[in-house]
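Read the structure below first, then the notes.
Just so you know, all these numbers are worked out from the coordinates, no wet-lab data involved. As the structure is a computational prediction, the values presented were derived from the model and not from experiment. For neighbour counting, all protein chains shown are included, and Cβ atoms are generated from backbone atoms with ideal geometry for every residue, glycine included.
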Amino acid sequence: MNLSFLPSHPRNLAYAMVDCNNFYASCERVFDPSLNNKPIAILSNNDGCVIARSQEAKDADIPMGAPEFKYRKQFKEKGVAVRSSNYALYGDMSHRVMESLRYLTHDIEVYSIDEAFAELSTNIYPSLDEYGEVIRNTIDQWTGLPVSVGIAPSKTLAKIANHIAKKNPEFDNVLDLTNHPEIDSFLEQTPTQDIWGIGQGLTIRLNRYGINNALDLKKTINNKKWVRKHLAVTGLRTVLELNGFPCSGLSEGRDSRKGILTSRMFGKPLYQLSDVQEAVATFVSRAAEKLRAQKSVASNIHINLIGDKYDNIRGKYKFGAGYPMKVPTAHTPTMIKVAKALTAHAFEEGRKYKKAAVMLTGIVPNSEVQMDLFDPELYTQRQFRLMECIDKINSRFGRNHTAFAATGLHKKGDHRNKWLMNQNYLSNRYTTRWDELMVAKTEF
């Protein structure tokens, strides 16, 4: 078979898929050892439903997506520890895992908050199994988080190896499929839908042709014309990767987003314009942070206010407005000013609002902005430096350490609770807030 279209790949390199086990629950356990071996359920925004579970919670038949209010009694009966989503903690712990992985490996590609591909050199340790054990043990020692490591000649096989290592205790969370004598047996045990890049629609199509597992798909390499006809080029690459031919290396980094959306349900329904504007200003502030983090500016701001569709089933319950700026910007005060005006335009007195969303579009790199000396909306160098300074302060001392008055975060008391999310089971942000650091209690 002509494989000339494949990228060159050094023979002394292999791929590893490193995946944190039950990531959200494991992050909670790092700082609260009393949760070890106990079922844990992590709730979505506003403590709505279960979005993550420990293995013990899965064994206790707590389903994914279970509404908290319906399962409250079951949580208590089965001793399930319930926690609100603590994204500040989870994001920082993810960063620590990825930095540890960068130190331990040749190169990495962050795939999600709890997964990364890594390139492993076969010249560092006598065997790749040993290399995987070093990665597992070191990340556990440095962060307290358990990980599974799947190693193989290609990224697709590495994903399969990781899945097998995690589900089978005999591998102790490390499996190397490189030159493994039982690789075909493992592939035969892997259903088609569990192959990386094979979606539900393609699974149904493959099943019609008697391809029910990874081994069946691997064997189609002998009929390249059939694969190209029915699976296209991407399917052919998957087949080649299952045969140990790497068709894609690690990505240099994620592409900048072309649109940034910040959206939240309110903790309580809102009726006053000032309360809705305060929430929208907070969402704009967060969206602007994301924009600056990828070194971009935005040309358009669009806001949406969502009411209660059951107040008037046949009536309109979504209200929006947008504004195209003359000069793209990432200056938070400018964006808040525009967003507040848009909110006032979309707002209707006497209506109940449950959610708001802010969307930034027309995003371009900040180095490509055409400046205009006489434009009052110009994103000046002074504004750029101010935003950079605020971002550095918040990065060092915690989000919202420095905030804009329009967001209302400087206010105390019940006023804040009108729109902030319900987080009745929130643990401390141990690694990003000085006032929430873990403190040892000493008795004299």
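The table below lists the values:
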read-out	value
Selected from 235, 209, 288, residue furthest toward positive end of dipole (the chain; charges at beta carbon)	288
Between 0 and 90°, nearest 10: helix 224-242 axis offset from the chain longest Cα axis	90
Shape of the range 75-187, Cα gyration tensor, a/c cut at 1.5	oblate
Nearest-ten-degree value, helix 68-77 long axis tilted from longest Cα axis of the chain	60
Highest-fluctuation residue, 170, 115, 241 considered, GNM on the chain with Cα pairs under 10 Å	170
Most mobile of 118, 232, 25 in a GNM of the chain (Cα contacts under 10 Å)	232
Separation of alpha-carbon centers, the range 18-68 and the range 156-198, rounded to whole Å	25
Size of electric dipole in the chain: Cβ of Lys, Arg +1 and of Asp, Glu -1, about Cα centre, debye, nearest 20	1820
Reachable lysines, given that their alpha-carbon falls under 30 Å from the alpha-carbon of residue 326 and they are not under 8 places away in the same chain	258, 290, 295, 318, 337, 340, 355, 392
Neighbour-count ranking [beta-carbon atoms within 10 angstrom, fewest first] of 154, 248, 34	34, 248, 154
The chain - share of DSSP beta bridges that are antiparallel (%, nearest 5)	85
Residue among 63, 33, 181 with the largest mean-square fluctuation in a Gaussian network model of the chain, springs linking Cα atoms under 10 Å	181
Percent antiparallel among DSSP beta bridges (both partners in the range 1-112, rounded to 5)	50
Extension gain (nm, one decimal) between residue 337 and residue 30, 0.36 nm per residue minus Cα-Cα	106.4 nm
FRET efficiency, residue 207 to residue 64 (Cβ-Cβ, R0 30 Å, nearest 0.05)	0.75
Loop-resident sites, the range 27-109, for chymotrypsin sites (Phe, Trp or Tyr not before Pro), counting at most 13 other Cβ within 10 Å (DSSP)	none
Additional length obtainable on full extension of the chain from residue 134 to residue 300, 0.36 nm per residue less Cα span	55.0 nm
Residue 425 versus residue 194: modelled label distance in nm, points set 7 Å from Cα along the beta carbon direction	2.9
In degrees, nearest ten, helix 155-167 long axis to first principal axis of the chain (Cα)	90
Residue among 137, 108, 332 farthest towards the positive dipole end of the chain, charges placed on Cβ	332
Set of lysines with alpha-carbon distance to residue 38 below 20 Å, sequence-local pairs under 8 removed	58, 73, 76, 78, 166, 167
